[in-house]
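Peer 1: Here it is, the structure, as structure tokens.
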Amino acid sequence: MTLRARPLLIGHRGAPRERPENTLPSFLRALELQADGIELDVHCTKDRVVVVHHDEIPRATPPSGKLARRRIDDLTFDELQGFSVRGLALISTLAESLAVIKGRADVFIELKGAAIEAEVVDVVRESPAPARCALHSFDHAQVRRARELAPELRGGILFDRPIEDPVAAMRAADALDVWPSHEHVNAALVESVHGAGGRVIPWTVNKGEQAVALAALGADALCTDFIPVLRAALNEAHAR
């Protein structure tokens, strides 16, 4: 199988199979594994602090029953600090995460909370390497609003279903990155996105053979839980 340019490897929530996902230890481990990029998820607390976590309700251990099942946007940041991810790490702020990553990898920020784009843009602009940050979401209107606020930041649109017209979706959101679930990537999708000046970033690619097949189609980056597995498979394919 002939490969095109080697795709970037993006740590999905850091290095989640080795450290608690979406935490500072996970991001540091992804950097140790020489990830080209790190993908993370953000919400805002009740007092509008941007924090890194996947679900709207913390997947973490609360200090007492009164906080159980409370949404992040219903908790102040101080209240959220009582939660521990797998008993190993606190839920960090986006500012802390970007300070730790410190421009050593591209950072792909998924907007999970509703109407948080202004707060996220403010944090990114104050970070050590804003030019290495990009924003993406399943809510394509939110991506467009973020791009209106910060045209200097790259936008991306997420899909978990087949895309009938990816270029139209890109243009509607003013985005340049298309993030399809890996099983929906095909040659026609890649060709159309590339023809419009965009990138294709499949998720979540966790098998070497998937990585090689997607690289052969021309995927620009791969979002994965297993950076070493994909790197080894791609290196072997390039060596053939």
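Peer 1: Might you let me know whether the stretch 171-190 holds any residue that is open to solvent by 50 Å² or more (accessible area, probe 1.4 Å), modelled with pLDDT under 95, more than 23 Å from Ala237 (Cα to Cα) and among the charged types (D, E, K, R)?
Peer 2: No, the stretch 171-190 contains no residue that is open to solvent by 50 Å² or more (accessible area, probe 1.4 Å), modelled with pLDDT under 95, more than 23 Å from Ala237 (Cα to Cα) and among the charged types (D, E, K, R).
Peer 1: Which condition breaks for Lys207 when tested against (1) surrounded by 20 or more Cβ atoms within 10 Å (Cβ to Cβ); (2) over 15 Å from the mean Cα position of the chain (by Cα); (3) under 16 Å from Ile10 (Cα atoms)?
Peer 2: The number of the failed condition is (1).
Peer 1: Working only within the stretch 90-121, note down all residues that are surrounded by fewer than 21 Cβ atoms within 10 Å (Cβ to Cβ) and either at pLDDT below 95 or in a helix (DSSP H, G or I) (or both).
Peer 2: Leu90, Ala95, Glu96, Ala99, Val100, Ala118, Glu119
Peer 1: Could you please give the count of residues in the stretch 215-240 that are within 21 Å of Ala15 (Cα to Cα) and either open to solvent by 10 Å² or more (accessible area, probe 1.4 Å) or free of Cβ contacts under 8 Å to residues at least 24 places away in the same chain (or both)?
Peer 2: Final tally of qualifying residues: 9.
Peer 1: Considering the stretch 6-46 alone, what residues qualify as being in contact with an Asp or Glu (Cβ under 8 Å, 6 or more places away or on another chain), farther than 12 Å from Phe108 by Cβ, open to solvent by 10 Å² or more (accessible area, probe 1.4 Å) and assigned to a loop (DSSP other than H, G, I, E, B)?
Peer 2: Within the stretch 6-46, Pro16, Arg17, Lys46 meet the criteria.
Peer 1: Now, a different point. Is it the case that the stretch 137-151 has a residue that's more than 21 Å from Ala114 (Cβ to Cβ), free of Cβ contacts under 8 Å to residues at least 40 places away in the same chain and out of contact with any His (no Cβ under 8 Å at 6 or more places or on another chain)?
Peer 2: Of the stretch 137-151, the ones more than 21 Å from Ala114 (Cβ to Cβ) are 151.
Within this subset, residues satisfying the condition of being free of Cβ contacts under 8 Å to residues at least 40 places away in the same chain are 151.
Checking which are out of contact with any His (no Cβ under 8 Å at 6 or more places or on another chain) leaves us with 151.
Within the stretch 137-151, one or more residues are more than 21 Å from Ala114 (Cβ to Cβ), free of Cβ contacts under 8 Å to residues at least 40 places away in the same chain and out of contact with any His (no Cβ under 8 Å at 6 or more places or on another chain).
The values are calculated or read from the model by the stated rules, or taken from the named source; none is laboratory data. Fair warning: this is a prediction, and the values are worked out from it, not measured in the lab. A quick note on method: Cβ atoms are made from the backbone with ideal geometry, for glycine too, and the neighbour counts reach across all protein chains shown. For the accessible areas, the whole protein counts, side chains as well, though only heavy atoms, and no ligand, DNA or RNA atoms are used. Shrake-Rupley method; radii C 1.70, N 1.55, O 1.52, S 1.80 Å.
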